[in-house]
Amino acid sequence: MSSLQAQIPAPAYVGGKPFIERLMQITGKNSHGQLADVIGVPKSTISTWSERGNLSYEIVLRLHLALGVSVEWLSFGTGEPYESNRVLATESLTVSTLKNGELEETGNLSLDEKTLEVYGLLADSTLVIEQSDTRFFIDKNETNPTSGRYLIDVDGNFSINQIQRLPGKKLAVEFNGSTLTVDEGDIKVLGRVAMSMIRD
């Protein structure tokens, strides 16, 4: 029995750990867990890619369509992540510094629209808060806390805290390593942390 010979042979895709490293580079993440959250796959799937040298064609296509990342670069690691002549639309976001419970506008940050979109953010509803070596991107549309980090106002003092919703309109709020249970009306939630950037 004769076998079918492909007239267009399959290229030698570069999957596994190099593929995962490219994904983390383009998404700005530095762990499998963070990457899994961004691209919407189980962490175990990423571990399987690493162990078996796999490459996800669906993820390649999705990141190409969402962010304009080069298919060649994602698939093989060759060329550049973005075409040199490609112009990305950018948005200017106001940056505020959070210190001693106070917010002070300190400058502006330009970020391309596609990066905002992949995290579900819109420029006109995004706050950028700088605290120490971290920049937090706050989604002002998410003011009903469920579970995550949120920018809150407590008696005129601002802070970013981990919050978990509890039964009976109660919230478990973490303050400096300790967790306090408060009534929902005791704090004002200004938005949820959608992404963060840490300066090395």
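Derivation of every value follows stated rules applied to the coordinates shown; laboratory data play no part. From a predicted model like this one, the values you see are computed outputs, not experimental measurements. Using ideal geometry, Cβ is built from the backbone for each residue, glycine included, and neighbour counts are taken over all protein chains shown.
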Review point. Based only on Cα atoms, what Rg/Rh ratio does region 90-198 have, Rh being taken as Kirkwood's radius?
Key: 0.98
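Within 10 Å of each residue's Cβ, count the other Cβ atoms and sort Glu80, Glu130 from fewest upward.
On the way: Glu80 11, Glu130 20.
Fewest-to-most Cβ neighbours within 10 Å comes out as Glu80, Glu130.
Can you put Asp139, Asp112 in order, fewest other beta carbons within 10 Å first?
The fewest-first ordering by Cβ neighbours comes to Asp112, Asp139.
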Review point. By what distance, in whole Å, do the Cα atoms of the chain stretch along each of the three principal axes, largest value first?
Key: 78, 40, 28
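Give me Met195, Met24 ranked fewest to most by other Cβ atoms within 10 Å of their Cβ, as a rough exposure proxy. Walk me through the intermediate numbers first.
Working: Met195 22, Met24 17.
Fewest-to-most Cβ neighbours within 10 Å comes out as Met24, Met195.
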Check your understanding: Along the charge dipole of the chain, which of Leu98, Ile160, Gly16 sits closest to the positive end, that is, farthest toward it, with unit charges on the beta carbon of Lys, Arg, Asp and Glu (+1, +1, -1, -1)?
Key -> Gly16
Revision key, fill the gap. Helix 16-27 sits off the longest principal axis of the Cα atoms of the chain, rounded to the nearest 10 on a 0 to 90 degree scale, by 40 degrees
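What do you get for trypsin sites (Lys or Arg not before Pro) in region 47-139 restricted to DSSP loop and a cutoff of at most 16 other Cβ within 10 Å of the site's Cβ?
Numbers: sites: Arg52, Arg62, Arg86, Lys99, Lys114, Arg135; in loops: Arg86.
Loop-located and lightly packed - Arg86.
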Exercise for review: Run through every distinct alpha carbon pair of region 27-103 and return the Kirkwood hydrodynamic radius in angstroms, one decimal place.
Suggested key: 15.1 Å
